[in-house]
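The values are calculated or read from the model by the stated rules, or taken from the named source; none is laboratory data. Bear in mind that the values here come from a model prediction, so they are computed numbers and not experimental data. Positions of Cβ are generated from backbone atoms using ideal geometry, with glycine treated the same way; all protein chains shown enter the neighbour counts.
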Amino acid sequence: MLKIGILSDTHGVVHPGIVELIKNCDIAIHAGDIVDIDVIHKLNPKQKVVAVQGNNDAHISCFEEVETLELPGGKLVVEHGHKHGHHQPSHDSLRSTYPDAKIIVYGHTHKQVIDTEHTPWVINPGAAGDIRNYGSAKCLTININSPDDWDLKSHKFY
């Protein structure tokens, strides 16, 4: 089994509950708007952290705008999403850009979205910090139990 923790839009602050959750994950994915690199240093998954630049991360040059992970059962693509529509990234645009992905992760809106009606799945973990988190810090986890069994779970921290 492989466990992946997914967060976004920390804007310099990550909820302590999310930090604890990530410790039990194999991989952590940050979908941008990190703002302060210390947020990344707080994340300690068992294997690695994968992060992308958001529209507020031009000063953090060590990350790319898009990352791709080859995982058991398919490809996961992560980007911040702001180039697919300013206020609400278009899922159609994301899907047409990455048609061979199993799942596309984006951030930017600070709102959690789980769109699994079409392939590739399109998900947004929501804001993991305290800026525009709509009442709670949020993140997602994916348990990959087998190539055909990906279990997606939402987490909220008050």
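Return a yes/no flag: does the range 46-57 have any residue that is of a type in the set (Gly, Ala, Ser), farther than 20 Å from Ser154 by Cα and modelled with pLDDT of 95 or more.
Checking the range 46-57: at least one residue is of a type in the set (Gly, Ala, Ser), farther than 20 Å from Ser154 by Cα and modelled with pLDDT of 95 or more.
When the residues of the range 95-125 are narrowed to those that are under 15 Å from Glu79 (Cα atoms) and among the β-branched types (Val, Ile, Thr), which ends up farthest from the chain's Cα centre (by Cα)?
Only one residue fits best here, namely Thr97.
Tally time: how many residues in the range 92-128 are touching a Ser or Thr at 6+ places or on another chain (Cβ under 9 Å), aliphatic (A, V, I, L, M) and either part of a loop (DSSP other than H, G, I, E, B) or surrounded by fewer than 21 Cβ atoms within 10 Å (Cβ to Cβ) (or both)?
Qualifying residue count for the region: 3.
For the range 129-148, name all the residues that are buried (at least 22 other Cβ atoms within 10 Å of the Cβ) and of a type in the set (D, E, K, R).
Residue satisfying the conditions is Lys138 alone.
Report whether or not Pro89 is part of a loop (DSSP other than H, G, I, E, B), at pLDDT 95 or above and not hydroxyl-bearing (Ser, Thr, Tyr).
Against the criterion (part of a loop (DSSP other than H, G, I, E, B), at pLDDT 95 or above and not hydroxyl-bearing (Ser, Thr, Tyr)), Pro89 does not qualify.
How many residues does the range 1-39 contain that are of a type outside the set (Val, Ile, Thr), under 21 Å from Asn56 (Cα atoms) and surrounded by fewer than 17 Cβ atoms within 10 Å (Cβ to Cβ)?
2
Just to verify a result, which residue in the range 45-63, among those that are touching a residue at least 24 places away in the same chain (Cβ under 8 Å) and of a type outside the set (A, V, I, L, M, F, W, C), is nearest to Met1 (Cα to Cα)?
Looking at residues that are touching a residue at least 24 places away in the same chain (Cβ under 8 Å) and of a type outside the set (A, V, I, L, M, F, W, C), I get Pro45.
Looking only at the range 33-57, count how many residues are touching a helix residue (DSSP H, G or I) at 6+ places or on another chain (Cβ under 8 Å) and within 19 Å of Thr109 (Cα to Cα).
Of the residues in that region, 4 qualify.
Determine whether Lys102 is modelled with pLDDT of 95 or more and in contact with a helix residue (DSSP H, G or I) (Cβ under 6 Å, 6 or more places away or on another chain).
For Lys102, the condition - modelled with pLDDT of 95 or more and in contact with a helix residue (DSSP H, G or I) (Cβ under 6 Å, 6 or more places away or on another chain) - is not met.
Return a yes/no flag: does the range 54-73 have any residue that is of a type in the set (Val, Ile, Thr) and under 24 Å from Ala137 (Cβ atoms).
Within the range 54-73 (the criterion being of a type in the set (Val, Ile, Thr) and under 24 Å from Ala137 (Cβ atoms)), the answer is yes, since at least one residue qualifies.
Restricting attention to the range 64-88, which residues are touching a helix residue (DSSP H, G or I) at 6+ places or on another chain (Cβ under 9 Å) and either in contact (Cβ under 8 Å) with a residue 24 or more places away in the chain or closer than 14 Å to Trp150 by Cβ (or both)?
Answer for the range 64-88, where residues must be touching a helix residue (DSSP H, G or I) at 6+ places or on another chain (Cβ under 9 Å) and either in contact (Cβ under 8 Å) with a residue 24 or more places away in the chain or closer than 14 Å to Trp150 by Cβ (or both): Val77, Glu79, Gly81.
Restricting attention to the range 105-143, report how many residues are of a type in the set (A, V, I, L, M), farther than 15 Å from Thr10 by Cβ and either at pLDDT below 95 or touching a His at 6+ places or on another chain (Cβ under 8 Å) (or both).
Total satisfying the criteria: 1.
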